[in-house]
Amino acid sequence: MTPPSLFSATGLLLRLQLTSLWRGRKLRVGMIATGFVVFAVIAARYSSQRDVGAERAVELAREAMVSGFDWGFFRLLVLLLPFLFCASSLSEEIEGRTLPFLTVRPVGRVPLALGKFLAGAICSLGCIWAAGILMHLVGLAASPAALIEVFPDTLRALGAASLLVVCYCAICTMWAVMIPDASGVICALWLAILEFVVSLLPGQFRVISMATHGRSLGGMEVGGWLAEQLPPPEVPAAISAGLIAGMTLLALLVALLVVRGAEYRFSKA
C-alpha cells in the first residue's frame, strides 16, 4: 500500500476536523459570539442616527465602522475565535483517546497538526469575513453613498484581521501540541497579556504585540495608555505584515517540530 502524501493526509485530517467542528458546539459558540458583536455594532450605529448632510453622513458611517472593527473585531473576535477553535485541539483527542487512531501510520502527526491548524483558521476566517461583510451591508444600508465609499476600508480591516487570526491560530496550535494538558490556560494568558495588555502599553513596548501591527494595517488608531505623551513608533505597513507572517510561520514550524517527537500520555486509565 502506497502511503499518502503530506498533502493528501493533511487534507483528510482537515476534513475530519472540519466535520468535528461542524457537528460540535465550538462553531455554534463562535457564530453566536460573532453575531452578538455584529448586532451590538449595528445597534450602536443606528441608535446614533441623525439628520446631517450627505458628506457628514459618510464620515459618521466611516467612524462607526472603524469603531466597530476596532473594538468588536481587533480587540475581541480575532482573539476569541482562534482560542476557541485551536487552543484545545489536541487535548480533546487525548482525552477522547482518539489520538492513536489519528496518528497511526501512514498518516502521521505532522498532517494532524496541520489539519487542525487549517481547520481552525478556516472556521475563524469564515466567521470574521461573514460578520464583517454583514456588518458593512446592514450597518451602512441607510447610507448608499457610504456603502460604496467605505467598502475599501472594510476590506482593509478584514484583511488585517485575517492576518492576525491566522497568526493566533498558529500560536494556539503551537501551545496545543507542546503542553496539551494546560494549553487552554497558556493560550488564554498569551492572548490576554501579550496581545491585549501589551498592545495598550505606552511608547515602544506595544510594538511587541502582533495586535498593534494588525490594527495599524487595518487602519485603526493604535492608541493605548499615554498615547499622546508616549506615542508608538510608526512602523511601515510592509514590516508590520512581515512580522505577523513571520510569527505565524515560526509558531507553526515549532508546532510541527514538537508534534513529531512528543510523547503524549493519557491521564485517565
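Read the figures in this text as sums done on the coordinates, not as results from a lab. Everything quoted here is computed from the prediction, not taken from an experiment. Backbone-built Cβ (ideal geometry, glycine too); neighbour counts: all protein chains shown.
Given labels modelled 7 Å from the Cα in the Cβ direction, how far is it in nm from ALA145 to PHE205?
The two pseudo-label positions are separated by 4.4 nm.
Using 0.36 nm per residue of separation minus the Cα-Cα distance, give me the extension gain between TRP22 and GLU234 in nm, one decimal.
Numbers: separation 212, 0.36 × 212 = 76.32 nm, distance 4.13 nm.
So the extension gain works out to 72.2 nm.
Can you give me the distance in nm between label points at GLU59 and GLU221, each placed 7 Å from the Cα along the Cα-to-Cβ direction?
My value for the distance between the label points is 1.4 nm.
What FRET efficiency comes out for SER8 versus ARG260 if R0 is 25 angstrom and r is the Cβ-Cβ distance? Round to the nearest 0.05. Before the final figure, lay out each step's value.
On the way: r = 18 Å, r/R0 = 0.74.
E between SER8 and ARG260, to the nearest 0.05, is 0.85.
What order, most packed first, do the peptides 127-136, 161-170, 144-153 have when packing is the mean number of other Cβ atoms within 10 Å of each residue? Working shown, then result.
Values: 127-136: 20.6, 161-170: 26.0, 144-153: 15.1.
Highest mean packing first, the order is 161-170, 127-136, 144-153.
Which order do the peptides 114-120, 31-37 take when ranked by the mean count of other beta-carbon atoms within 10 Å per residue, highest first? Don't skip to the answer; put the middle values down first.
Details: 114-120: 25.6, 31-37: 16.7.
So the order, starting with the most tightly packed, is 114-120, 31-37.
Residue by residue, what Karplus-based ³J(HN,Hα) values in Hz, rounded to whole numbers, does region 177-187 have, using 6.51, -1.76 and 1.60 with θ = phi - 60° and x for Gly and Pro?
With the stated coefficients, region 177-187 comes to 8, 7, 9, x, 5, 10, 5, x, 5, 5, 4 Hz.
Could I have the simple spin-label model distance between LEU250 and PHE39, label points 7 Å from Cα toward Cβ, reported in nm to one decimal?
4.0
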